[in-house]
Each structure stands twice: as structure tokens, then as C-alpha cells.
Amino acid sequence: MEPLPPLWIDRRDAGRQLARRCRDLRGRESTVLIGLPRGGVAVAAAMAEELNLPVLPWAVRKLADPTWPELAIGAVAPGGVVLWADPRHEDPPMALEQRRALVGTQQQELARRQRHYGDPDPRSLQGLHLVVVDDGIATGLTARAALLSLRLLQPASLTLAVPVMDRQVLPDFERLVERLVVLALVRQLEAVGRWYEHFEQLDDAAVLRLLSRVSSVCPS
């Protein structure tokens with residue numbers, strides 16, 4: 001039987017439950033938790049406390065439909081990664097110049113967030129075991145863009161750990177990672193926040209406070 005929401009008190013609760021699933025990673029050498037700002041950092045910080053692993057941020061930006069800002073039509077990530085949703089879902093389709101303008105704007109915001117959050121030098125992640133953490137995946141565009149971006153760095157392995165994921169996008173992620181950890185796989189995941197009793201919006205200051213509480217130094 002498919003689980004019913006909510007399943008977790010908050011992101012901290014979800015992170016602790018994810019950590020129990022990943023207890024084999026506790027203190028593992030050359031392993032880093034990669035929190036996707038903003039919500040993924042909160043989940044990763046809770047995992048870090050249980051697993052004794054460092055947390056690093058990795059900024060990624062949603063590309064939103066200008067006429068419907070809540071609708072994700074793509075994502076950009078470091079390393080020049082640009083990912084688009086199926087254009088058949090756009091009505092009307094976005095013109096090429098509009099796409100270029102949208103990507104340019106979000107790449108500027110991506111660069112700002114990389115500086116603000118203190119994203120690591122990509123070279124420092126080469127050869128490490130990277131565990132990418134988010135607070136939930138519906139369309140999967142931003143998480144997929146992040147994974148594609150991190151794969152360019154030639155890590156030793158890529159793991160994705162999330163509390164909840166839409167069942168429909170599962171195959172997309174199985175092809176991108178060596179290990180996939182999902183607590184709840186559900187149909188038609190419309191709102192990640194429904195699966196939490198408390199799902200407050202996090203601002204940049206909250207992300208920085210979370211990062212300051214956990215080690216952000218890569219293991220040697």
C-alpha cells in the first residue's frame with residue numbers, strides 16, 4: 001500500500017530517517033554529503049549529525065515558465081549544464097530568444113548563490129563519494145541537473161538520497177547514480193511539502209546557519 005502524507009515532522013526528521021537507511025556510510029572515508037539549496041541542505045545537515053560526514057552546498061537553479069512561475073520547465077547547474085523539460089508540455093512553446101534570456105538570467109543568479117553559499121571548488125570533489133541530498137523530487141529537473149553537473153567532476157561514485165520521489169521519474173535517476181535511496185516512492189507527487197507536518201520556506205540566512213553547524217571541510 002502506498003504511504004499517505006504527512007510522513008515526517010520536518011526536514012530534520014526526514015534527514016534522520018534517511019541517515020538510518022544510509023548507516024553504512026557513517027564516517028566513511030572520502031565521502032561528502034552534497035545538499036541542494038535550499039531544502040536539501042536542511043535534510044543533509046540532519047544526516048550529517050547522524051553519519052559524521054561533512055556537508056557541502058551545490059547550487060542549482062530552476063528555469064520557470066515566465067507566465068506560470070511555479071511551473072519548472074528546465075534547470076541550470078554549474079559546469080554549463082542546461083536541462084529542459086519536454087517542450088511538448090509547453091503551451092505555447094517558448095521562443096529560442098526567450099530561452100536564452102531565461103538561461104542567462106538564472107546563470108547569473110546561480111553564480112551569485114555559489115558565492116553566497118560558499119560552494120566548493122569543483123576540483124576538490126574529484127574522486128570523492130558524493131551523496132546528493134534534496135528534500136523531495138517531483139519533476140526532478142533541478143536534481144537531475146545537479147547530478148549531471150557533479151558527474152562532470154569524475155567522482156568516485158554518485159548517490160542520491162531523498163525522502164520522497166514521484167514514481168514516474170524514478171527511471172531518470174536510476175540511470176544517473178550508482179545508488180538511490182528513497183524513503184517514499186509515490187504516484188503523482190504534486191507538492192513535496194504535503195509530506196511534512198512543517199515545511200517552512202528557507203531563506204539564504206537559514207541555509208548559511210545550517211551549513212555553519214556542520215563541517216564543510218572535505219575529507220582527505
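The values are calculated or read from the model by the stated rules, or taken from the named source; none is laboratory data. Not measured: the values here are computed from a predicted model. All Cβ positions, glycine included, derive from the backbone under ideal geometry; neighbour counts span all protein chains shown.
Numbers for the structure displayed
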read-out: Residues that are assigned to a loop (DSSP other than H, G, I, E, B) and over 27 Å from Gly193 (Cβ atoms), drawn from the range 95-139; value: Ala95, Pro120, Asp121, Gln126, Gly127, Leu128
read-out: The range 141-188, subset of a type in the set (A, V, I, L, M, F, W, C) and touching a Cys at 6+ places or on another chain (Cβ under 9 Å), residue nearest to Asp119 (Cα to Cα); value: Ala161
read-out: Residues satisfying the stated conditions in the range 36-76, i.e. farther than 18 Å from Glu109 by Cβ and either in contact (Cβ under 8 Å) with a residue 40 or more places away in the chain or in contact with a Phe, Trp or Tyr (Cβ under 6 Å, 6 or more places away or on another chain) (or both); value: Ala42, Val43, Ala44, Ala45, Met47, Ala48, Glu49, Leu53, Pro54, Val55, Leu56
read-out: The one condition in (1) surrounded by fewer than 14 Cβ atoms within 10 Å (Cβ to Cβ); (2) touching a His at 6+ places or on another chain (Cβ under 9 Å); (3) polar (S, T, N, Q) that Thr159 fails to fulfil; value: (1)
read-out: Index of the failed condition, Ser220 passing every other in (1) small (Gly, Ala, Ser); (2) modelled with pLDDT of 95 or more; (3) not assigned by TED's automatic domain parsing to the domain that holds Gly127; value: (2)
read-out: Unmet criterion (only one of (1) outside the structural domain of Glu197 (by TED's automatic domain parsing); (2) of a type in the set (Ser, Thr, Tyr); (3) touching a residue at least 60 places away in the same chain (Cβ under 8 Å)) for Thr105; value: (3)
